[in-house]
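Student: Submitted below is the structure of interest, expressed as structure tokens.
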Amino acid sequence: MIDRARGTSPAVLRSSGPKQRPERVATMLGVSGESIRRDVPSNDMIAYLAGLFDGEGCVTYKKYWSCKRKDRPRKYYCWRIQLEIVMTDEATIQWCCDHFGGRCIKKPRKEYKMQYRWRRGFKNAYEIASAIYPYAITKKAALKDIIKHYDNKEMDSKNEDVVRRSTRPSRQALGL
């Protein structure tokens, strides 16, 4: 069936534009409600994630040599900052993805069960580390390293702005 006025079929009209999750559409439209909004997990969810992460999670916070960029022929230091949970229960990993972002990655292994991974890196890892830090026990020190890393970066960038403003000559000094 072709829509004569537009010259397109109804299927094209229905599928035009990028597909978005209903939660994001609901938050963009201003619809509130904890069951709809994915942006703000409850304290119970955060506490559950902290416990799950203490038992099954892994924190990677290290600096290493890399030479992957073509515009830098020599080795240079890179940071690897990530939080990861790996387990064989897909429903739990999918829950993490649904409530805290990311995606469920399947890792097949030859004679063992299928492994599922949830991973968040860099700024996303910082946001999650900040949220679960008060509830963590086993991985508290590693989470604190991630939080300090980004808090120091924010302080350094603020200090650079202050230095730039204070070293800039005034209009009077320039004779303007």
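The values are calculated or read from the model by the stated rules, or taken from the named source; none is laboratory data. Being a predicted model, the structure only gives us computed values, none of them experimental. All Cβ positions, glycine included, derive from the backbone under ideal geometry; neighbour counts span all protein chains shown. SASA here: full protein model, heavy atoms, side chains in, ligands and nucleic acids out. Shrake-Rupley method; radii C 1.70, N 1.55, O 1.52, S 1.80 Å.
Student: Along the charge dipole of region 95-159, Cβ charges K/R +1 and D/E -1, which of Ala131, Met114, Met155 sits furthest on the positive end?
Tutor: Met114
Student: If the chain between Asn152 and Tyr76 were fully stretched, how many nm would it gain, using 0.36 nm times the residue separation less the Cα-Cα distance? Intermediate values should be presented prior to the final figure.
Tutor: Working: separation 76, 0.36 × 76 = 27.36 nm, distance 2.10 nm.
Net length gain for the segment: 25.3 nm.
Student: Which entries of Lys70/Lys123; Lys75/Lys153; Lys70/Lys144 show an alpha-carbon separation above 29 angstrom in the structure shown?
Tutor: Lys70/Lys144
Student: Ranked from the most accessible area to the least, with a 1.4 Å probe and all protein chains present, what is the order of Arg103, Arg80?
Tutor: Arg103, Arg80
Student: Report the full-extension gain for the segment Lys123 to Cys104: residue separation times 0.36 nm, less the Cα-Cα distance, to one decimal in nm.
Tutor: Difference between extended and current length: 5.0 nm.
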